[in-house]
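Derivation of every value follows stated rules applied to the coordinates shown; laboratory data play no part. Because the structure is a prediction, the values reported are computed rather than measured. Heads up, the Cβs are rebuilt from the backbone with ideal geometry, glycines too, and the neighbour counts pull from every protein chain shown.
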């Protein structure tokens, strides 16, 4: 299995691999959103990218358009954030709160190790999103 492969346990749908390395049994449940939440985040991310691409096509950026650059950066960063949340099944908000989605609302993780793993993953998702947003905005600006 390569380092980017995530396998799911069929009955529980929990990650057996997290961050490219195997996790112990206490940290098997490294996810805090449901399948529905994952699909919603994927659709929102794709929608944000579509809006950003349409903005690049119909409203070309120039050096005077600071507001346009900021809006484009926000769209690309938000799109990347929600797509990464969907792919990793880790919501940044829930990760920092130490909670997960459930049918009856937010619930705290039972295991502290899972909470910490979600918090670390949430931080990485934010960093990746900001870097991706900056790069995509820079590329759009240069077009």
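Figures for the structure shown
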{"item": "Selected residue [without any contact (Cβ under 8 Å) to a residue 24 or more places away in the chain, crowded, with 17+ Cβ neighbours inside 10 Å and farther than 14 Å from residue 45 by Cβ] from 105, 95, 68", "result": "68"}
{"item": "Qualifying residue in region 38-52 (condition: surrounded by 14 or more Cβ atoms within 10 Å (Cβ to Cβ), outside any helix (DSSP H, G or I) and touching a helix residue (DSSP H, G or I) at 6+ places or on another chain (Cβ under 9 Å))", "result": "no"}
{"item": "Filter result for residue 100 (surrounded by 21 or more Cβ atoms within 10 Å (Cβ to Cβ), in contact with a strand residue (DSSP E or B) (Cβ under 8 Å, 6 or more places away or on another chain) and assigned to a helix (DSSP H, G or I))", "result": "no"}
{"item": "Failed condition for residue 141, given (1) in a strand (DSSP E or B); (2) out of contact with any strand residue (DSSP E or B) (no Cβ under 8 Å at 6 or more places or on another chain)", "result": "(1)"}
